[in-house]
Amino acid sequence: MPADALCLILQGGSGVFNSGATRDGLMDPDRPITEYVGEIPRMILNLPMPTITAMAGHAIGGGLLLALV
């Protein structure tokens, strides 16, 4: 991210913003969901700039959490 950025805009796909983790991702024993669920929201909350979510379509589960952050 450029040092002179004024804000971050999160944008999803054309029909779905974000539906969270895939089934395979949820079932991965090498990386439990509790390890990565809070990773992206924590990074966003620590940014020194505002974050805007450009949503078009569904935001389900973790995707909704991401949009609300």
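FYI, it's all coordinate maths here, none of it is from the lab. The shown structure was predicted, so the numbers you read here are calculated from the model rather than taken from an experiment. Positions of Cβ are generated from backbone atoms using ideal geometry, with glycine treated the same way; all protein chains shown enter the neighbour counts.
Looking only at the range 5-34, residues that are farther than 20 Å from Ala67 by Cβ, in a loop (DSSP other than H, G, I, E, B) and either in contact with an Asp or Glu (Cβ under 7 Å, 6 or more places away or on another chain) or without any contact (Cβ under 8 Å) to a residue 24 or more places away in the chain (or both) come to 5 in all.
Can you name the residue in the range 40-69 that is part of a loop (DSSP other than H, G, I, E, B) and either at positive phi or among the polar types (S, T, N, Q) (or both) and is also surrounded by the fewest Cβ atoms within 10 Å (Cβ to Cβ) among such residues? Please lay out each step first, then the result.
From the range 40-69, those part of a loop (DSSP other than H, G, I, E, B) are 46-50, 55-57, 60-61, 69; that's our starting set.
Retained after the next criterion (residues that are either at positive phi or among the polar types (S, T, N, Q) (or both)): 46, 57, 61.
On the way: Asn46: 7, Gly57: 14, Gly61: 13.
Ranking the candidates gives Asn46 first.
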